[in-house]
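Below is one structure; the comments refer to it alone.
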Amino acid sequence: MNSIKTISTLSLFLFILITTTTSTSSIKPDINVWPKPVNISWTNPTTTTLSPSFKILSSCTDKHLRRAVRRYNHLILTELHDFIRPQPKTLSSSFLNELLITISDVSAPLQHGVDESYTLWIGSSGQANLTAVTVWGAMHGMETFSQLVWGTDQLMVPAGIFISDKPLFAHRGFMLDTSRNYFPVRDILRTIRAMSANKMNVFHWHITDSHSFPVELPSEPELAGKGSYGAKMRYSVDDIKMIVEYGMQHGVRVVPEIDTPAHTGSWAKAYPEIVACADMFWMPAGKTWPERLAAEPGTGQLNPLNPKTYEVIQNIINDMVTLFPDSFYHAGADEVVPACWLADPTISSFVSNNGTLSQLLELFINLTYPSIISHNRTVVYWEDVLLDPTISISSSLLPKETTILQTWNNGPNNTKRIVSAGYRVIVSSADFYYLDCGRGSFLGNDSRYDKQIKEEEGKEKFNYEGGSGGSWCGPYKTWQRVYAYDITHGLTEEEKGLVMGGEVALWTEMVDGEGLDGVVWMRAAAMAEALWSGNRNEEGRRRNGEVVDRLMEWRYRMVGRGIRAEALQPLWCLSNPGMCNFVQ
C-alpha cells in the first residue's frame, strides 16, 4: 500500500459511523459537485481555509497519478472560483494543509470495469484524506476535492465532510466523428480534459467514414494521403500517441472505430477496386428512399468479394491495435445500404446466382472478426449487424464473450432486444443521446424550407407545428432529455447486468472545432451524472430543481477552466434559487 500517512483506526471508525448513521438526506444544497457523489455526510456545515502552502501528497510512483497530482495542485490554488450562490462562512480554527492520498492497488490498468471508487474525508484539523483502490479512483477523488474549493482572496473548503463515491455504470462515454469535419488535436485534448472533469471515462473516436480518412497508418499511408481533406487535416502516429497518453493522464480510455464495410467511400481514393458505388450521387433522381445509395451524401461500401479488401483491412487492424492499446476495438458495421452493393457488377452477379446481401455481410464478418480478436480485443459493433431488417447476420457468428453491441435506434426497445439475446450493450439511443439531432439539415437545394405558411392538413410537417426541420432525429436533445433517460428501462434485473453504460454521440456534419464545446457541454455533463450516481434522489424520485442549480454552477466553473459550454438559464435563475422551476 502506497501512502505517506495512514488513517488511524479511530478515524476509520468515524468514517464508518458517519456513513452508517447519516442518510443522504443530510446533503446540503451548497455542496456543488458534478456529478453528484453517491454518499455525502456533512452534519455540521462549517468551512476551513486552505493554507497558502496547501499540497496534495502521495508516495505513489505511477506516472499518470503523479501528473494528476501536479495538475490538481496547480488547479486548486489558481482556479479562484466564486460560487454564484452564497456559501457558509462558519470557519474552523485551523488551516487545511494537505490532502493525503492512499492507493491500495497501484498497478490496476485503465480498462473496462476497473475500480473507480474513492472516499474523501476533509477534517477540521489541518488534514484531508483521499483513499482509493486504484489510481483512476484517486483521480476522481481529486476532481471532487477541486470542486469543493472556492474563493478568490481566501480559498475555502467544507470541513467535517465525508464522501463515499463510485459509479453506477462502468462505461460513460462520448463519441466524436472526425471524418465529416476535421477536429484539430487541441480540440480533442480539451474534450478529454472536460470529460475527465465530469468523470466520463471513454472517448469513442469514430475516426474514419465515407467523407475522409484522416488517420495516417504506417502500413497504408495512401488511405490518408489520398482520402483525407489535406495534409493539415490528418492525425499522425505522434498525434495518436499524444491523444492516447493524454487520455491515460486523465483516466479516459481512447477506443478507436474504423467503420466497415459501409461508410468507406474515402477508401476509394487509394483503392477504387475494393469500394462499391464510390463517388456516386447518393439519391439518384426518381428513386425512393429504399433505393438510395447511402444514408447521406458520401457513398461507398467495401466489396466483400474482392480479396484485396481483406489485405487492406488486415494492415489497418495491425496498425490500429499497435497505436491504440485499449482492449475494445470498434468495427462499425452500421447502415449497409443494399443499392450500393448492388451497383457493383460482381456483387450483382453474386445476388443473381441466388446469393443474398446478408450472406455478403456474413462473409465479411467471418473474414475480419477473427483478425481483431486474435489481438486480444473485444469487438464492438453497432446494433445493425444483428438487428437491421434488411442486411444482418446470425448471432451464432458473434460469440458473446468477445462481442459488444452499441444501440442507437428505437430507444429502450432495441436495448431490450440486444440484452435479451445475451449480449452486452452500450446505449447511445438517438432518441436521447444524439447531440447532433434537431439542428436541421446540411443538405443543399432543399425546397421544403421555402414554405412561408404552415403545411397543408395531411402533409408532412417540416417547418411548422413540431416538424422535423430536416433533422431525421429531431427534436433537439436538451440536457433535461439527456439527464432523464434511464438506460435500463424495461429490463429485468438479469438483463440490467448486461448494460455496460452509455455514450452521447456527436456526428459532425454541421459541427467542427469552432462550435464543439457548446454542442457537447452541458448535455454530456447531464449524461455523466445520470450514469455516475443516477438521476433520482434517495427516495427514488426524479431529481428536479436542485439539479439545474448545481449544473449551472458547474457550467460557470467549466467556462473558467476554458470549456466554452453553452448557457442553460439566465444568470438570474441561479441568483434566485427555485424561481425558474416549473413547479416548486
### Query
Arranged from highest to lowest average of other beta-carbon atoms within 10 Å per residue, in what order do the peptides 263-271, 275-283 appear?
263-271, 275-283
### Query
Ordered by packing density, taken as the mean number of other Cβ atoms within 10 Å over each peptide's residues, highest first, how do 400-409, 233-242 rank?
400-409, 233-242
### Summary
Taking only the alpha-carbon positions of region 190-305 as identical scatterers, the Debye log10 I(q)/I(0) at q = 0.16, 0.23 Å⁻¹ comes out as -0.81, -1.17
### Task
Enter the Cα centre distance for the pair region 304-382 and region 444-484, rounded to the nearest angstrom.
36 Å
### Query
Once you charge only the Cβ atoms, +1 for Lys and Arg and -1 for Asp and Glu, what is the size of the charge dipole of the chain about its Cα centre, to the nearest 20 debye?
1720 debye
### Query
In region 137-241, what is the volume of the convex hull around the alpha carbon atoms, normalised per residue and reported in Å³?
143 Å³
### Query
In what order, largest first, do 299, 346 sit by accessible area if the probe radius is 1.4 Å?
346, 299
### Query
Angle between the Cα long axis of helix 545-560 and the longest principal axis of the chain, 0 to 90 degrees, nearest 10?
80 degrees
### Query
Based on the alpha-carbon gyration tensor of region 367-510, what equivalent-ellipsoid semi-axes (square roots of 5 times the eigenvalues) come out, in whole Å, largest first?
35, 18, 14
### Task
Could you state the angle between the C-alpha long axis of helix 63-78 and the longest principal axis of the C-alpha atoms of the chain, as a value from 0 to 90 degrees rounded to the nearest 10?
60 degrees
### Message
Could you work out the pair-distance distribution P(r) of region 264-344 from its alpha-carbon pairs, with 5 angstrom bin width and percents rounded to whole numbers?
### Response
3, 15, 22, 21, 16, 12, 7, 3, 1, 0
## Note on the structure
From most to least accessible, 1.4 Å probe, no ligand or DNA/RNA atoms counted, 396, 94 line up as 396, 94
### Rg/Rg_ref, the chain, where Rg_ref = 2.2 N^0.38 Å and atoms are Cα
1.03
## Note on the structure
Taking every other residue with Cβ under 11 Å from the Cβ of residue 542 and scoring Lys and Arg +1, Asp and Glu -1, one gets +1
### Query
For region 250-259, in order, what is each residue's ³J(HN,Hα) by Karplus, 6.51 cos²θ - 1.76 cosθ + 1.60 with θ = phi - 60°, in whole Hz (x at glycine and Pro)?
10, x, 10, 6, 10, 9, x, 10, 10, 6
### Task
Summarise the accessible area of region 220-365 (1.4 Å probe, protein heavy atoms) by the percent that is carbon and sulfur.
56 percent
### Query
Taking only C-alpha pairs under 8 Å that are 6+ residues apart, what is the relative contact order of region 332-468 in percent?
16 percent
#### Entry: Formal net charge of residues neighbouring residue 273 (Cβ-Cβ distance under 11 Å; K, R +1; D, E -1)
0
### Task
Using a 1.4 Å probe over the heavy atoms of the protein chains, calculate the carbon and sulfur portion of the accessible area of region 508-584 as a whole percent.
52 percent
#### Entry: Exposure ranking of 442, 582, 213 by accessible area [1.4 Å probe, largest first]
582, 442, 213
### Task
Go through 55/477; 199/226; 63/226; 199/269; 454/477; 36/461 and tell me which ones have a Cα-Cα distance over 32 Å in this structure.
55/477; 199/226; 63/226; 199/269; 36/461
#### Entry: Per-q log10 I(q)/I(0), region 429-528, q = 0.18, 0.22, 0.24 Å⁻¹ (Debye; single scatterer per alpha-carbon; no solvent)
-0.91, -1.11, -1.21
#### Entry: Surface accessible to a 1.4 Å probe, per residue, for the residues of region 406-522, Å²
48 Å²
### Solvent-accessible area per residue, Å², over region 99-242 with all protein chains present [probe radius 1.4 Å]
29 Å²
### Message
Could you tell me the center-to-center distance, by alpha carbons, between region 192-226 and region 533-584 in angstrom?
### Response
32 Å
#### Entry: Of every Cα-Cα pair in region 305-396, the percent that sits beyond 16 Å
58 percent
### Task
Starting with the highest mean, order 547-554, 352-359, 66-73 by the number of other Cβ atoms within 10 Å, averaged over the residues of each peptide.
547-554, 66-73, 352-359
### Message
Using only the alpha-carbon atoms, how far is helix 237-249 inclined from the longest principal axis of the chain? Give it as 0 to 90 degrees, nearest 10.
### Response
40 degrees
### Query
How high is the relative contact order of the chain, given as a whole-number percent (alpha carbon pairs under 8 Å, six or more residues apart)?
13 percent
### Query
By the scheme Lys and Arg +1, Asp and Glu -1, what is the net charge of all other residues having a beta-carbon under 9 Å from that of residue 167?
+1
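The values are calculated or read from the model by the stated rules, or taken from the named source; none is laboratory data. Keep in mind it's a predicted model, so treat the numbers as computed, not measured. Every residue, glycine as well, gets a Cβ built from its backbone with ideal geometry; the counts of neighbours run over all protein chains shown. Each accessible area value is taken on the protein alone, full model and side chains, heavy atoms only, with ligands, DNA and RNA left out. Shrake-Rupley method; radii C 1.70, N 1.55, O 1.52, S 1.80 Å.
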